[in-house]
Amino acid sequence: MAITSPDEWTFLIRSLKHLFGFNSRTSTSLLVDLETQLTNFILLLKKKIDSVTSKEELDQAVNLVINFLDPAKLIAVYKNYDQRYLENLKNEFVNLLWHEYSICND
């Protein structure tokens, strides 16, 4: 889960700026706050993922990501998403990831 290049960090920041409605007039302090929040979130998520021992804990970790991104913002930016679709997508992701994890760790 490491960000290994400046390009990856730039992609993340650009995506979050788009999601949160930032533009060229957004103040530098808000941009710095966004990067700080992202850095802190990544550290928190890493700790959470490192301690996952059950499908329910994995689900909680994925919910952290969705809540950080804000489901309402995701739905507003990606018009084809609605709450039910987002929930189904999350559940499918968790099920598949947990299945693969279980196979690899048996």
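The values are calculated or read from the model by the stated rules, or taken from the named source; none is laboratory data. Keep in mind it's a predicted model, so treat the numbers as computed, not measured. SASA here: full protein model, heavy atoms, side chains in, ligands and nucleic acids out. Shrake-Rupley method; radii C 1.70, N 1.55, O 1.52, S 1.80 Å.
Brief remarks follow.
- Panel note: the C-alpha atoms of the stretch 57-103, placed on their principal axes, show extents of 36, 19, 12 Å (largest first).
- Of the residues R84, R25, ranked by 1.4 Å probe accessible area with the largest first, the sequence reads R25, R84.
- Note on the chain: with neighbouring protein chains present and a 1.4 Å probe, carbon and sulfur make up 57 percent of its accessible heavy-atom surface.
- Against the empirical curve 2.2 N^0.38 Å, the C-alpha radius of gyration of the chain lands at a ratio of 1.20.
- A straight chain from V32 to N95 at 0.36 nm per residue would run longer than the Cα-Cα distance by 19.1 nm.
- Scanning the chain for DSSP H helices at least 18 Å long along the axis (C-alpha atoms) with a Kyte-Doolittle mean no lower than 0.0 picks out 28-50, 55-69.
- Value of [θ]222 nm, deg cm²/dmol, for the chain, DSSP H segments ≥ 4, -39500 (n - 2.57) each, nearest 500: -25500 deg cm²/dmol
- Candidate lysines for bridging to K47, where Cα separation is under 24 Å - those fewer than 8 sequence places away on the same chain excluded: K55, K90
- The residues of the chain present an accessible area of 72 Å² per residue when probed at 1.4 Å with all protein chains retained.
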